[in-house]
1. Set the Förster radius R0 to 41 Å, insert the Cβ-Cβ distance between Q111 and A55 as r into 1/(1 + (r/R0)^6), and round the FRET efficiency to 0.05.
2. What residue among A62, A16, A90 has the largest mean-square fluctuation in a Gaussian network model of the chain, using Cα springs under 10 Å?
3. By the scheme Lys and Arg +1, Asp and Glu -1, what is the net charge of all other residues having a beta-carbon under 13 Å from that of F103?
4. Tell me, what is the FRET efficiency for S5 and M32 to the nearest 0.05, using R0 = 25 angstrom and their Cβ-Cβ distance as r?
5. Let me have the relative contact order for the chain, percent, based on Cα pairs under 8 Å that are six or more residues apart.
6. Cβ neighbours within 10 Å, averaged per peptide: list 117-123, 20-26 in order, most packed at the top.
7. Search the structure for amide H atoms under 5 Å from the amide H of G110, placed 1.01 Å from N in the peptide plane, and list their residues when 5 or more places away or on another chain.
8. If the chain between E68 and F121 were fully stretched, how many nm would it gain, using 0.36 nm times the residue separation less the Cα-Cα distance?
Amino acid sequence: MKVQSYLSFEGRCDEAIAFYKKALGAEVVQLMRYSDAPEMPAAEAEAGCPGATPAADKVMHAVVRIGETELMASDGRCSGQAEFKGIMLALSAGTDAEARQWFDALADGGQVMQPLTPTFFSSSFGMLTDRFGIGWLLVVHAGQ
């Protein structure tokens, strides 16, 4: 069994992917836009998700690889306001320098909740919310 995160950026998926490419070296594995989808018969469209279909250039589905992890993402319903409550993505760094680099990159335009600092359980630990509202926990595990 494999559990993966699926992030709905509500109209800002392209912007988010570009940000994670720059901040974390993310790689796009797959990207489909609404324009790539075949036309659906009216009866099937009505039975699907309610509401208007997002613009053709919006991301219907993407897979982004960050390190060894793949995240799925889309523009969702393009409401403009993504909400990521009660969940954080944990990023394990191999060194303090790597943790600092990633932390500072993700914090750009975001909000730091716990500055990156040594703790009793890690040489570097910090928490932040990035500019898209995604919560991140960064840690260097002992022994790495």
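Taken together, the values in this text are just the output of simple stated rules run on the coordinates, not laboratory data. Everything numeric here is computed off the predicted structure, so don't read it as measured data. Here Cβ is always computed from backbone atoms with ideal geometry, including for glycine, and neighbour counts include all displayed protein chains.
1. Numbers: r = 29 Å, r/R0 = 0.71.
Approximately 0.90, to the nearest 0.05.
2. Ranking A62, A16, A90 by mean-square fluctuation puts A90 first.
3. Numbers: positive: R100; negative: D96, E98, D104, D108, D130.
Spelling it out: positives minus negatives among the neighbours equals -4.
4. Working: r = 18 Å, r/R0 = 0.71.
That gives a FRET efficiency of 0.90.
5. Details: 266 pairs, mean separation 34.4, N = 144.
After rounding, I find 24 percent.
6. 20-26, 117-123
7. Hits under the 5 Å cutoff: R131.
8. Values: separation 53, 0.36 × 53 = 19.08 nm, distance 2.33 nm.
Roughly 16.8 nm would be gained on extension.
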